[in-house]
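This report concerns only the one structure given below.
The values are calculated or read from the model by the stated rules, or taken from the named source; none is laboratory data. From a predicted model like this one, the values you see are computed outputs, not experimental measurements. Virtual Cβ from ideal backbone geometry, glycine too; neighbours counted across all protein chains shown. The protein model used for the area step is the full one, side chains on, heavy atoms only, and it has no ligands, DNA or RNA in it. Shrake-Rupley method; radii C 1.70, N 1.55, O 1.52, S 1.80 Å.
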Amino acid sequence: MKQAVAELRVDFVSGSVAHRLRFGGGRGQDLAKAMGLRAGKTPTIVDATAGLGRDSFLLASLGAQVTLIERSEKMHALLAQGMQRAEQEGGQFREIISRMTLLKGDSKDLIPALSCDAILIDPMHPERKKSALVKQDLRQVRELVGTDDDAAELVRIAIEHAQKRVVLKWPAKADPIAGVQKCTHQIRGKTTRYDVFMVG
């Protein structure tokens, strides 16, 4: 019998997000380091490809003011619901959500009007060559938002407008995106790498 596919939802209160909140390692995490969260430094951040909002939530939990941009109508609605549920949970969750602002639209259009220290770009990653299936929720996100064929253009626009840095989150072993300048440095994890472009 085929397993029923669980409906995609954005959940900040339980599961992997809550676990990462409690045991993730704070500002020592690769993402936090890549985005420039250091002792005494908390940049303002735009998450240009919000998706499930997990990275934004983590960064907001570390004190950053984060603007999330999502262009998919359905994904934007799921994010709004997830943020509302976390806010209703109160306490720490409400405090984190208070640092998150959700915008709907295309980042390429919205970024020039926003002021921020750092921009995070996590485009839909290329299909894996290996047969191991991507986690189900990420497959569902791909079905909702499609592929990000304009990722290179988005990176270029972000580099023009970020005040301090742009971070491209990409599979550790994937080739660089064609048409994107060489990054300043990389932070490499087992499965993910962060290409950091220092600007300004």
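Using every pair of alpha-carbon atoms in the chain, split the distances into 5 Å bins beginning at 0 and state the percent of pairs per bin, rounded to integers.
1, 7, 16, 21, 22, 18, 10, 4, 1, 0, 0, 0
What aspartates and glutamates sit close enough to residue 164 to cross-link, taking a C-alpha to C-alpha distance under 16 Å and skipping anything fewer than 8 places away on the same chain?
47, 117, 195
List the residues, sorted by chain then number, that are 5 or more residues from residue 192 or on another chain and whose placed amide H is less than 5 Å from its amide H.
Here 172 satisfy the definition.
Please report the carbon-and-sulfur percent of the accessible area for the chain; probe 1.4 Å, protein heavy atoms only, DNA, RNA and ligands left out.
Values: 5530 of 11060 Å².
Result for the chain: 50 percent of the exposed heavy-atom area is carbon or sulfur.
Name the helices (complete DSSP H segments) of the chain with a Cα length along the long axis of 20 Å or more and a Kyte-Doolittle mean of at least -1.0, or state none.
Taking the DSSP H segments of the chain (at least 20 Å long, mean hydropathy at least -1.0), we get 73-89.
In whole Hz, what ³J(HN,Hα) sequence does the stretch 166-180 give by Karplus (6.51, -1.76, 1.60; θ = phi - 60°), x for Gly and Pro?
So the Karplus estimates, Gly and Pro as x, are 10, 10, 9, 8, 8, x, 3, 9, 6, 5, x, 6, 4, x, 10 Hz.
Can you report the principal axis dimensions of the stretch 1-106 using only the alpha carbons, biggest first, rounded to whole angstrom?
51, 32, 26
Would you pull out the residues with amide H under 5 Å of residue 67's amide H, same chain only if 5 or more places away, H placed 1.01 Å from N?
For residue 67, the qualifying residues are 45, 46, 47, 101.
Using Cα pairs closer than 8 Å and at least 6 residues apart in sequence, work out the relative contact order for the stretch 156-200, in percent.
Relative contact order for the stretch 156-200 comes out at 48 percent.
Just grab the label-to-label distance for residue 80 and residue 27, each label 7 Å out from Cα along the Cβ direction, in nm (one decimal).
Result: 3.5 nm between the two label points.
Hey, which of these cross-link pairs are over 28 Å Cα-Cα: 108/190; 33/74; 104/190; 104/182; 108/173?
Table pairs above 28 Å Cα-Cα are 108/190; 33/74; 104/190; 104/182.
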